[in-house]
Amino acid sequence: MRRHGWIALMLLVATTAVAAAEPRVIAIAKAKEVIVTLSSETGQWKPGANSFTIEVTSPSTKQPVDAGKVTLSTSMAMPGMAPMIAGATITPDGPGRYRGTISFPDAGTRQVTVRWDGPVGKGSATLSVAVR
Ligand SMILES: [Cu+2]
């Protein structure tokens, strides 16, 4: 617990991630009303600071949809201790498009929950992403 907290603090201080081109898909979640695509420059998340893009599109038209307020949170099960929780900072970046940053203190598979609340409706999707 103490080690994780300390590392997390260091990462927070060191978070100077600068977004560049972001073409590669990390994961896709399909919900009833939307498809949520996470992508980044590398196509994966690593321990430390990460920047990424969320795109929300319509399953039928494949076009961006206005998802309103979007949040992303992650959880990792840790044997013998409380789950490690990390949330992303999300900034709107055009219709159905959002930029995010998130920091992870260690590697491991995260359960990711994306929530939206806007013109497209209110809902959530979960996906699994390996941080490595
Ligand atoms: Cu952990």
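Taking 4 °C and 1.567 mPa s as the conditions, I'd like the Stokes-Einstein D for the stretch 2-131 in µm²/s, using the Kirkwood hydrodynamic radius from alpha carbon pairs.
This corresponds to a translational diffusion coefficient of 86 µm²/s.
For helix 2-14, report the angle its Cα long axis makes with the longest principal axis of the Cα atoms of the chain; keep it between 0 and 90° and round to the nearest 10°.
Once rounded, the angle reads 60 degrees.
For the residue pair Ser128 and Thr91, what label-to-label distance in nm results when each label sits 7 Å from Cα along the Cα-to-beta-carbon direction?
Simple spin-label model gives 3.3 nm for this pair.
Under 13 Å from a point 7 Å along the Cα-to-Cβ line of Ala77: which residues of the stretch 105-132 have their amide N that close?
The answer is 109-111, whose backbone nitrogens lie closer than 13 Å to the label point.
For Arg3 and Thr61, FRET efficiency with R0 = 30 Å and r from the beta-carbon atoms, rounded to 0.05?
E between Thr61 and Arg3, to the nearest 0.05, is 0.05.
I'd like the Karplus ³J(HN,Hα) series for the stretch 104-119: coefficients 6.51, -1.76, 1.60, θ = phi - 60°, whole numbers in Hz, and an x wherever there's a Gly or Pro.
Each residue's phi maps through the Karplus curve to give 10, x, 7, 7, x, 7, 9, 7, 10, 10, 10, 10, 9, 8, x, x Hz.
Under unit Cβ charges (Lys, Arg +1; Asp, Glu -1), what dipole magnitude, rounded to 20 debye, does the stretch 2-131 have relative to its Cα centre?
Charge dipole, the stretch 2-131, about its Cα centre: 240 debye, nearest 20.
Count charges around Pro95 for me, please; just the other residues with Cβ under 11 Å from its Cβ, Lys/Arg as +1, Asp/Glu as -1.
Overall, the nearby charge balance is -2.
Readers should treat all values here as calculations from the given coordinates under stated rules, not as data from a laboratory. What you are looking at is a predicted structure, and each value in this text was computed from that prediction instead of being measured. As a convention, Cβ positions derive from the backbone with ideal geometry for all residues, glycine included, and neighbour counts pool all protein chains shown.
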